[in-house]
Amino acid sequence: MAAAVLGVSNSTVYRRLETLEAAIEGRLFDRTPDGVLATALCEELLPIAKTVEDTISDGQLRLTGRDALLAGKLKVSIADFKPVNQLLFHSLSEFSKTYPRIQLDLRSSNNKVDLSRREADFAIRGLKIDQRPPKDIVGVKLGLLTIGLYVHNKLLADARLGKRELTYIDTSEALPPELPTHSELGIQVKHSIDGAIARLDAVDNQMGVAALPCCSVVDLKDVVRLPNTESVPYRYVWLLYHKDLRQSARIRALFKHLLVLEDHWPAEWMGNTLEK
């Protein structure tokens, strides 16, 4: 876990830990068959280390916030979701042409990003409809994403003729309560698949009915919304950055550039899809 967060190998983590333990002349972790366990010394030093980290993070935020140059690096965190990222990268490409001296350090992940600790300068994330950013984060809604129940046209046609059974692809992910359940639809659950893109591939390969973001099916002509069902609000895509970076020229430039996407947000993503 630590290696993944730091972006290094496990052996590198152990070497750095051994170096630190040698420097303080004390053991921070006990190695056991079940992994590493914090020692009493580690527990004693942890609050001090967190205070130092918070102080450094606060200083970095204040220094970056004073930046007045349209040059340098911007760490941007985006979700690992291709349908939305295609639109974002088109805009980011134009931003890079407009501001050639700004270097974009982009990381794609669905993990939570801590803007207060400078894990990123700027984040683009989909939040639940009733969810709001923390108080120290500046956030603006970019556009709405809706979700609906989708099925492959061929499977639907065969089911109507009695050639195949129409089944439901379940998921452990939380879905909007307004979306009909399999029992309300009167169909059986056959598969369970987590991950919107994985479910999309399953539906495209005629494995059943599944809940999918409307933006993910736009280019698939044979995947259609289940008859007599409607799409429902799912998430808002937000532009997010820490309040201490409001004076950063680079942050303001990127924010202003991406905010234009609000006026060009695809109607299909909001559920206004024409019948295929």
Discussion item. Can you say whether Asp136 is under 26 Å from Gly195 (Cβ atoms) and of a type in the set (Asp, Glu), as far as the supplied structure shows?
Written reply: no
Worksheet item: Taking segment 115-156, which residues are β-branched (Val, Ile, Thr) and assigned to a strand (DSSP E or B)?
Response: Ile124, Ile137, Val138, Val140, Thr146, Ile147, Val151
Worksheet entry | Unique residue being among the hydrophobic types (A, V, I, L, M, F, W, C), modelled with pLDDT of 65 or more, farther than 24 Å from Ile124 by Cα and exposed (fewer than 12 other Cβ atoms within 10 Å of the Cβ) when the list is Leu17, Leu41, Leu37, Leu46 | Leu37
Practice prompt. Residue by residue through segment 97-119, note down the ones that are touching a residue at least 12 places away in the same chain (Cβ under 8 Å), under 21 Å from Arg246 (Cα atoms) and out of contact with any helix residue (DSSP H, G or I) (no Cβ under 8 Å at 6 or more places or on another chain).
Written response: Arg101, Gln103, Asp105, Val113, Leu115, Glu119
Worksheet item: Can you find a residue in segment 191-212 that is surrounded by fewer than 17 Cβ atoms within 10 Å (Cβ to Cβ), under 28 Å from Lys112 (Cβ atoms) and among the acidic types (Asp, Glu)?
Response: yes
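So that you can scan it fast, the table gives a plain yes or no per residue for (1) surrounded by 14 or more Cβ atoms within 10 Å (Cβ to Cβ); (2) modelled with pLDDT of 90 or more; (3) farther than 27 Å from Val218 by Cβ; (4) not assigned by TED's automatic domain parsing to the domain that holds Asp194:
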site	(1), (2), (3), (4)
Thr98	no, yes, yes, no
Asp105	no, yes, yes, no
Lys112	no, no, yes, no
Phe122	yes, yes, no, no
Pro133	yes, yes, yes, no
Leu149	yes, yes, no, no
Ile169	yes, yes, no, no
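The values are calculated or read from the model by the stated rules, or taken from the named source; none is laboratory data. Remember, it's a predicted structure, so these values are computed and weren't measured experimentally. Here Cβ is always computed from backbone atoms with ideal geometry, including for glycine, and neighbour counts include all displayed protein chains.
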